[in-house]
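Working notes, beginning with the structure itself.
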Amino acid sequence: MKKLLIYGCGYPSMPSLIKYWNKKKSQKWDVAGYIDDVKFGKVDTFFGLPILGNEKLIPKFVKEGYHFFNNVASSTDNMKIVAQKLSKYKAKICTLVFPEPPNIDCETVYIGEGSCIFPDVFLGTDVHIGKNVIIRQQSNISHETVVGDLCFIAPGVGILSRVSIGEKTFIGAGAVIRDNVTVGKNCVIGMGAVVTKDVPDNITVTGIPAKPIRSKTYDNTTLKNPSEEKFITNR
Ligand SMILES: CC(C)(COP(=O)(O)OP(=O)(O)OC[C@H]1O[C@@H](n2cnc3c(N)ncnc32)[C@H](O)[C@@H]1OP(=O)(O)O)[C@@H](O)C(=O)NCCC(=O)NCCS
């Protein structure tokens, strides 16, 4: 068994998902608890698991041989901040890929470190998933599609073939993206949107067919100073 800490209380279901993983897979994870920069010192436990520390304790846990899973769900910006912290401390990263053939073509699908591909996800031939990507249950990513680093794909999303999604883009529940479309980086696709045309970087789109509703503006100081606990929300 490898020792695991969950960084961030984003999905309360993550420990039970890992229990399910341990029943199915030969590599097992022993979850010790959470690291959480916001909750540590305020509450002791989160859905039954202890909150053991904040960022300051990462070096100690790294020395003790723990792996970490980035479980931040508030925004892709915050996913990036936590990924940067873990990289700074040279933490070992846990990658969780639940789907098995025929729902994933192991010969041609690439999945980057730190990603979590939930059960009931379909990944077609020649799909490339970047690092630290979350793909929630019942999403379908069709062939020859590229998903950039730090993207979050909510449940029930349909991404058709030869689509490109830029890094740090958030795709809301049940959205559909037409084949051959390019979605830029840092975009937000609203829940239920049907995206029929390319979406430029930093744009939020909603509706059927999807139309821009706003441009996302960035608090770059947050990204320049990842130790600062200044969480922002982009969805
Ligand atoms: C698109 C989204 C990010 C916008 O959130 P927001 O910035 O808080 O925007 P608001 O709620 O203020 O909505 C702005 C306008 O867009 C409309 N709108 C918001 N989301 C919409 C959507 N998905 N489809 C159609 N219209 C939408 C609102 O009704 C509102 O319209 P109005 O100005 O006429 O009243 C958000 O609504 C969304 O879809 N989030 C995804 C949630 C999700 O899938 N989570 C998954 C968790 S696992």
### Query
Out of all the residues in segment 164-190, which are under 23 Å from ASP77 (Cβ atoms), among the hydrophobic types (A, V, I, L, M, F, W, C) and surrounded by fewer than 22 Cβ atoms within 10 Å (Cβ to Cβ)?
ALA173
### Query
In segment 23-66, how many are crowded, with 17+ Cβ neighbours inside 10 Å and of a type in the set (Gly, Ala, Ser)?
2
### Matching residues, segment 185-200, being under 17 Å from the mean Cα position of the chain (by Cα) and more than 10 Å from the ligand (Cβ to nearest atom)
LYS185, ASN186, CYS187
### Summary
Here the qualifying pairs (Cβ atoms under 8 Å; residues six or more apart or on different chains; first in segment 121-134 and outside the structural domain of SER74 (by TED's automatic domain parsing) and in contact (Cβ under 8 Å) with a residue 60 or more places away in the chain; second of a type outside the set (Lys, Arg) and surrounded by fewer than 18 Cβ atoms within 10 Å (Cβ to Cβ)) come out as ASN132/GLY112; ASN132/GLU113
### Task
Name, by its number, the condition in (1) away from the ligand (no atom under 16 Å from the Cβ); (2) closer than 30 Å to ILE171 by Cβ that does not hold for SER75.
(1)
### Query
Restricted to segment 137-184, and to residues that are basic (Lys, Arg) and farther than 14 Å from GLY124 by Cα, which residue is farthest from the ligand (Cβ to nearest atom)?
ARG178
### Task
Considering each of LYS230, LYS185, LYS216 in turn, give the residue that is outside the structural domain of GLU55 (by TED's automatic domain parsing), closer than 18 Å to ALA154 by Cβ and modelled with pLDDT under 95.
LYS216
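The values are calculated or read from the model by the stated rules, or taken from the named source; none is laboratory data. Computed from a predicted model, the values in this text were never measured in an experiment. All Cβ positions, even for glycine, are placed from backbone atoms using ideal geometry, and neighbour counts span all protein chains on display.
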